[in-house]
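Take a look at the structure below.
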Amino acid sequence: MANGSTPLATRPVRIGVVGDYHEANETHRATTAALHHTAHDLDARVDVTWMGTAGLERHGVDVLNRFDGLFVAPGSPYESMRGALGAIEFARRHAVPLLGTCAGFQHVVIEYARNAAGIVDAAHQETDPDAPCLVVSALTCSLVGQTFEVDLVPGTRTAAAYASTPITERYYCNFGLNREYLEPLTAAGLVAAGVDADGETRVIEVLGLPFFVATLFVPQASSAPEAPHPLVRAFLAAAEERQGSDP
């Protein structure tokens, strides 16, 4: 670079939010807001683009190549399960940092079950209630509007992000991981990184990837400009690191 020249500004960190945006959905508004105020806290710039699941099915997941991180949003059922699962598989296979919450958690479970654990008929009870392999099933009691403690497993990325355990988080869901399938999923490399008082899995990770975490609770809903949520911060930092590795 010549003397006196100014280096080009680093481009924004590009985050693709996989989901079907509805302004009336408070968790959707919270997702966008949390990414922006967390980026500000990290002294970074962020470009947030919602990617509708039906569009992902129509146009294919290669359109996700431009993103540094993928956030799989709440809002089940998605307009296209195929589009959502394709995005999750893309992130996992290409080591794109991913954070999934609520419905994102549920669909990470299904994608991993089908494509990594060999449970090819893995299904979601909400969309296919009569399927033989309901890897995601109705919770015994709805968690909508409930707040509970979750114990984190030491050594996981989630535990590192919070730096404390237990944590207390808020839920918006009626469906979760069917514990009957936990053993084959963990045998295939999925990690139960957080459990509640009843031993139910509430956080999952795939180790060996830069950042691949999903929570049944919705951390972005409790994120605020004066106190960005630690898990959103860890996700965005991983995306920023990927962005910074561009040639």
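We did not get these values from a lab; they are worked out from the coordinates using the rules stated. This is a predicted model, so every value here is computed, not measured. Reconstructed Cβ throughout: ideal geometry from the backbone, glycine too, with neighbour counts over all protein chains shown.
Worth a mention:
- Antiparallel DSSP beta bridges within the chain, percent to nearest 5: 45
- Between the amide H of residue 18 and those of 51, 71, 72, 73, distances stay under 5 Å, these residues lying 5 or more places away or on another chain, with hydrogens modeled in the peptide plane.
- Under 14 Å, Cβ to Cβ, from residue 21 - net charge with Lys/Arg +1 and Asp/Glu -1: -3
- Dipole orientation for segment 13-242: of the candidates 103, 208, 229, 208 has the Cα lying most toward the positive pole (charges on Cβ; Lys, Arg +1; Asp, Glu -1).
- Relative contact order [Cα under 8 Å, 6+ residues apart], segment 13-242, whole percent: 24
- Per-residue Cβ neighbour counts within 10 Å put 235, 90 in the sequence 90, 235, beginning with the fewest.
- Net +/- balance of residues flanking residue 233 in space, Cβ distance below 11 Å, scoring K and R +1, D and E -1: -2
- When +1 charges are put on Lys and Arg Cβ atoms and -1 charges on Asp and Glu Cβ atoms, the dipole computed for the chain relative to its Cα centre reaches about 640 debye.
- Segment 139-153-segment 28-63 distance, computed between alpha-carbon centres (Å): 26
- For the pair residue 168 and residue 207, label points projected 7 Å from Cα toward Cβ lie 3.1 nm apart.
- Neighbour counting of Cβ atoms within 10 Å sorts the residues 222, 137, fewest neighbours leading, into 222, 137.
- Three-way shape call for segment 13-242 based on the alpha-carbon gyration tensor, with the a/c threshold at 1.5: rounded
- When only the Cβ of Lys, Arg, Asp and Glu is charged (+1, +1, -1, -1), the dipole of segment 48-111 relative to its Cα centre reaches about 40 debye.
- Ranked list, fewest to most other Cβ atoms within 10 Å of each Cβ, for 157, 93: 93, 157
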